[in-house]
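The values are calculated or read from the model by the stated rules, or taken from the named source; none is laboratory data. Computed from a prediction, not measured in an experiment: that's the story for all the values here. Cβ sites come from the backbone with ideal geometry, for glycine too, and all protein chains shown count toward neighbours.
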Amino acid sequence: MKATRQRDTAAEIAIQQALVQAGVEFDVDVPIIPSTRRRADIVIREQRLVVFVDGCFWHGCPVHGTWPKQNADWWREKLERNRERDADTDQRLLTAGWNVLRIWEHETPSEAVAKILGHVRAL
Ligand SMILES: [Zn+2]
């Protein structure tokens, strides 16, 4: 089982490298909501864009999300709490004037970067 919050997963690193190549300025692993421990994976301040690279298991990916059968109730509660926290995070950021983009860990770096650049150009 993976750790709850890995720093710089392979997916994140690949995305960061592609953004550098595209000439986008960004910060990584940014504490994003005051008085919480929530952190954004990538922040592009110029466009006020916050990007999260969500792990398929922990964030309940529709393709790869699973509900473990061992300790099913505990897991269900935990995973549902994660989803609620994600939704709450998005809402707080939107209220604070940020744009929010969530990318799944399973997306290829080129897909992810195309999405990010699409947002950057549209903002
Ligand atoms: Zn997935």
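Points worth noting:
- Single residue of region 84-105 satisfying the filter (within 16 Å of the ligand (Cβ to nearest atom) and touching a residue at least 60 places away in the same chain (Cβ under 8 Å)) that is nearest to Arg45 (Cα to Cα): Ile103
- Residue that is modelled with the highest pLDDT, among those in region 43-83 that are over 29 Å from Val24 (Cβ atoms), within 16 Å of the ligand (Cβ to nearest atom) and hydrophobic (A, V, I, L, M, F, W, C): Leu79
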